[in-house]
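Every number here is computed from the coordinates shown, using simple stated rules; none is lab data. For clarity, every value in this text was computed on a predicted model and none was experimentally measured. Here the Cβ is made from the backbone with ideal geometry for all residues, glycine too, and neighbour counts use every protein chain on show.
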Amino acid sequence: MQRAALGALGGAAPVPPGRWFSAAPPALRDLRELRARTGQPVMRCREALERAGGDLRQVNCETDFVARTPDFQQLVEMAARGVLGHCQGASGTKHLLREEELAQLRAGDGAELLSDQLALAMGRLGERLVLRRAGWLRAPGGFVATYAHGWVPPGPPVAMGTYGALVACGGPGPEPPSPELQELGRRVAQHVVGMAPTALGTPEDELGGDTETRLLAQGSLLEPGVPLGRYLRERGGLQVWDFLRFQCGEEPPQEPPQEPSAPPA
């Protein structure tokens, strides 16, 4: 059995597009403060402040200043380890965790609460951070394919990016999945990031239109005229049981998703 976890850290709300072209130049003191805080070049700090309408408090992690620091990356890794620990002691194949639940997790035996680690990271970085949501996905008898997009630094053991996806997959038989099927699973995770489906569908679904939200009825990214379910059947019979998609800055769902039916043993 394989399992994987995916989480997201968020700061201030994303800047509305209309404020991108703010005519007022950022205050010199804010420019100096941001440069001293991040160590980034003056022009990059100026651009970040202009996108935030000159408000230093609204400079989000999307500027990637904070995300490139070891403190932030370590915090993400601790959060991922905490979610994996939660997964190991829980039932079911899928779960989304919200802010209150995440705050009580620990990154390992005897480790401090994630809420305490979060407070320490904010003190070191001088930025307000919020551990907003995370999730885990299991694939009993199969494997979990993953994909992260946007910015994936080479150093940290946890993949980071603006978008991410987990896909619970299985092969046509009980034998371990071949490298080809595992790569196909990664492409499905890439499809989930790019096409943002909200439901799974069935392998027999016909091709939907441009607004189709069922994963297996969407046109494959590699062959748009063929529904993804048929595309997978024709290339080794990869089965897709469930998926999770995360996007930096998105609002958590109002209600947790219904528990999917268990995949075949």
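Just a few scattered comments:
- For the listed peptides 179-190, 198-209, a ranking on the average number of other beta carbons within 10 Å per residue, highest first, reads 179-190, 198-209.
- Highest average packing first - 104-114, 74-84, Cβ atoms within 10 Å: 74-84, 104-114
- Relative to the current alpha-carbon distance between ALA199 and GLU251, full extension at 0.36 nm per residue lengthens the span by 16.9 nm.
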